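Structure, as structure tokens:
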Amino acid sequence: MIQEAARIARPVLSLPAIRRTRRNHGLEHATITILAERVRPLSMAGRSDSGGFILLGEVNTEHVESAVAEALRRFRRGERGLAVHPNCGTNLVTTSLFASVAAMLGLAGVQRGGLASRLPGVMALVALALLISQPLGLALQRHFTTDGDMGDLQVVSIRRSSLHLPFRQSAMTVHRVTTRSG
């Protein structure tokens, strides 16, 4: 079903800005996967757009450069599965949506004071939603939000900066990976 929806959406998914964003999202995931193999412990988040992606987390720039280069090499050798990551926001949104809908369905029509009697059913519906949402989130990544075919994508630059947040004692390291593709 997801594959068929992706086939129908192909004209939109192939628009240049969307295709670039999906490729960058895949490269972001592959870079984080490779960094996680090399840098322990790794705590990192990323965000992609049509011009590249950012990585938030304490890692040196040489490790980022090496991981990005390795990710591109592996994609070009056909390892498209690197584009899908279990901790992607797509998975989190899918899980949140399914769990919320399951809870709302389970509580539909509950009168004041009747919550306790519905709790086992709501928990069962939410558990089912969690089981369904995990493979669905991965499929949505594979077919909609990432692309493991890098095409003509090239890395233009990797820049390190710091982000000062009011709730942190020290600055957070940010790497901006800028890419270009047709």
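The values are calculated or read from the model by the stated rules, or taken from the named source; none is laboratory data. Just so it is clear, the model here is predicted, and its values are computed rather than measured. Note: ideal-geometry Cβ built from the backbone for every residue, glycine included; neighbour counts use all protein chains shown. These accessible areas exclude ligands, DNA and RNA; they are computed on the full protein's heavy atoms, side chains included. Shrake-Rupley method; radii C 1.70, N 1.55, O 1.52, S 1.80 Å.
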Next on the checklist: Looking only at residues that are surrounded by 24 or more Cβ atoms within 10 Å (Cβ to Cβ) and not hydrophobic (A, V, I, L, M, F, W, C) in the stretch 26-38, which one is farthest from Ala67 (Cα to Cα)?
Outcome noted: Gly26
Item to check | Of all residues making up the stretch 102-114, the number that are part of a helix (DSSP H, G or I) and out of contact with any helix residue (DSSP H, G or I) (no Cβ under 7 Å at 6 or more places or on another chain) | outcome: 1
Item to check | In the stretch 37-52, the residues that are closer than 18 Å to Pro86 by Cβ and either touching a residue at least 60 places away in the same chain (Cβ under 8 Å) or within 15 Å of the chain's Cα centre (by Cα) (or both) | outcome: Ser43, Met44, Ala45, Gly46, Arg47, Ser48
Checklist entry - Is it the case that Arg19 is open to solvent by 50 Å² or more (accessible area, probe 1.4 Å) and part of a helix (DSSP H, G or I)? => result yes
Next on the checklist: Just the residues that are out of contact with any Cys (no Cβ under 9 Å at 6 or more places or on another chain), outside any strand (DSSP E or B) and among the polar types (S, T, N, Q), please, taken from the stretch 120-166.
Outcome noted: Ser133, Gln134
Checklist outcome for this item: Here the residues within the stretch 138-166 that are among the charged types (D, E, K, R) and either within 13 Å of the chain's Cα centre (by Cα) or surrounded by 20 or more Cβ atoms within 10 Å (Cβ to Cβ) (or both) are Arg142, Asp147
Checklist entry - Restricting the first residue to the stretch 84-97 and requiring it to be assigned to a loop (DSSP other than H, G, I, E, B), which pairs with a second residue that is open to solvent by 30 Å² or more (accessible area, probe 1.4 Å) and aliphatic (A, V, I, L, M) meet a Cβ separation below 8 Å and a spacing of at least six or different chains? => result Val84/Leu138; Pro86/Leu138
Checklist entry - For residues in the stretch 5-16 being small (Gly, Ala, Ser) and open to solvent by 20 Å² or more (accessible area, probe 1.4 Å), which is nearest to Arg73 (Cα to Cα)? => result Ser14
Checklist entry - What are the pairs, 6+ residues apart or on separate chains, where a residue within the stretch 131-154 that is free of Cβ contacts under 8 Å to residues at least 40 places away in the same chain has its Cβ under 6 Å from a residue that is in a strand (DSSP E or B)? => result Gln154/Arg180
